[in-house]
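Let me begin by presenting the structure, written as structure tokens, before commenting on it.
The values are calculated or read from the model by the stated rules, or taken from the named source; none is laboratory data. What you are looking at is a predicted structure, and each value in this text was computed from that prediction instead of being measured. All Cβ positions, even for glycine, are placed from backbone atoms using ideal geometry, and neighbour counts span all protein chains on display. Heavy atoms of the whole protein, side chains included, go into the accessibility calculation; ligands, DNA and RNA do not. Shrake-Rupley method; radii C 1.70, N 1.55, O 1.52, S 1.80 Å.
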Amino acid sequence: MKNRLKVLRAERDWSQADLAQRLDVSRQTINALETGKYDPSLPLAFRIARLFGQPIEAIFQDEA
Amino acid sequence: MSPEMSNEPQVSKVSPRARRALILMIAGLPVGFFAGRWLLGLRRDGHWGGFDPSGGDMLAFLLAAFLVFAGLVTAGLASSRKALGRRINGDDVRAVTPATSAQARFYAGQGLVLVLAGAMLAAPPLAVALFDPLSPLLASAVMTGLIALFLFQTVGNITLWIRSDELMRRTMAETAAVSFVLFQGLLFLWAAGEKLALLPALTLWDAFNVTMIGYLAISMLIGWRRGFAD
């Protein structure tokens, strides 16, 4: 699954650690999400969507 | 212009990570030397003259040394929130965020759990080596200590699971699943070969140490695939 997390984070000038703190996850989780090594759970995807004020499908796109 | 005359700042060719590894290797030399001297001294004093370590024992000692070392490094890192922050939050070159106290507690706990795992692994063959012959009373005392340590370490492991985020939990769950399927299959094949008198008999101690090394290797591989090394 592709996502726009890195772009959205860069627009706000946040580091991975900043975003991790806001989402209550580790910096490694943010890195794994951005590099496509991990797909988030539904609760985490909702938290990300709420934080950036966008619907989930505007942040995560199914590659199929 | 020659490099000597340049006003450009000289950039070290050795990365900070390589420099740290080099310092640790140099620091490990005297530790290894004195530990070896202590163990040889014990042998000279006749403490483990009759001890003939099996392959499983050697694996256990190797694994225990690795776990204790990794645990001490992790706990040492957790003692400085700035150093821990550099290690776990080091994506931003502008400013490294120091680790929070919750993160420091988590990594300190992880270090403790690793050290305890190493101590438990080394205890049985070490007891046999140091107290040769090992009386039933002493063996029972060691076993009681091991059960207490095991219960304490299990509580530590459960606490770490509760405090982990979802990526860490996923990595642990995947490691457990892959290990179970792989070693259940291997155990079956070995047991079948043993039953058919084609393979030598393994002791439970040997089998445990092989599965433990396999478990660690699988956890490192899965952690690497999930980006924990980045």
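Set side by side, the residues B:Ala173, B:Ala192 differ, and just one is among the hydrophobic types (A, V, I, L, M, F, W, C) and away from every other protein chain (no Cβ under 14 Å), which is B:Ala192.
Scanning the range B:174-214 for residues that are under 21 Å from A:Lys37 (Cα atoms) and either open to solvent by 30 Å² or more (accessible area, probe 1.4 Å) or among the small types (Gly, Ala, Ser) (or both) yields a count of 5. Within the range A:8-15, the presence of at least one residue that is under 12 Å from the mean Cα position of the chain (by Cα), modelled with pLDDT under 95, within 14 Å of chain B (Cβ to nearest Cβ) and open to solvent by 60 Å² or more (accessible area, probe 1.4 Å) is confirmed.
Here the condition is being more than 20 Å from B:Met172 (Cβ to Cβ) and in a helix (DSSP H, G or I); of B:Ala197, B:Ala191, it holds for B:Ala191 alone. For the range B:151-160, the tally of residues that are within 14 Å of chain A (Cβ to nearest Cβ) and without any contact (Cβ under 8 Å) to a residue 24 or more places away in the chain stands at 0. Every test in (1) open to solvent by 70 Å² or more (accessible area, probe 1.4 Å); (2) within 24 Å of B:Phe66 (Cβ to Cβ) is passed by B:Thr171 save one, and that test is (1). Per the conditions (1) open to solvent by 30 Å² or more (accessible area, probe 1.4 Å); (2) within 14 Å of another protein chain (Cβ to nearest Cβ); (3) not in a helix (DSSP H, G or I), the sole criterion not satisfied by B:Gly227 is (1). Against the test of being facing chain B (nearest Cβ under 9 Å) and either open to solvent by 70 Å² or more (accessible area, probe 1.4 Å) or part of a helix (DSSP H, G or I) (or both), the options A:Ala45, A:Ala49, A:Ala20, A:Ala58 yield a single qualifying residue, A:Ala20.
For the range B:97-116, the criterion of being touching a residue at least 60 places away in the same chain (Cβ under 8 Å) and not in a helix (DSSP H, G or I) is satisfied by no residue at all. Scanning the range A:23-42 for residues that are closer than 16 Å to A:Pro55 by Cα and outside any helix (DSSP H, G or I) yields A:Pro40, A:Ser41. Residue pairs whose Cβ atoms lie under 9 Å apart, sitting 6 or more positions apart in sequence or on different chains, and linking a residue in the range B:185-208 that is aliphatic (A, V, I, L, M) to a partner that is open to solvent by 90 Å² or more (accessible area, probe 1.4 Å), are B:Ala192/B:Leu198; B:Leu199/B:Leu189; B:Ala207/B:Leu187. When we screen B:Ala122, B:Ala129 for residues that are assigned to a helix (DSSP H, G or I), among the small types (Gly, Ala, Ser) and either touching an Asp or Glu at 6+ places or on another chain (Cβ under 9 Å) or within 14 Å of chain A (Cβ to nearest Cβ) (or both), the only hit is B:Ala129.
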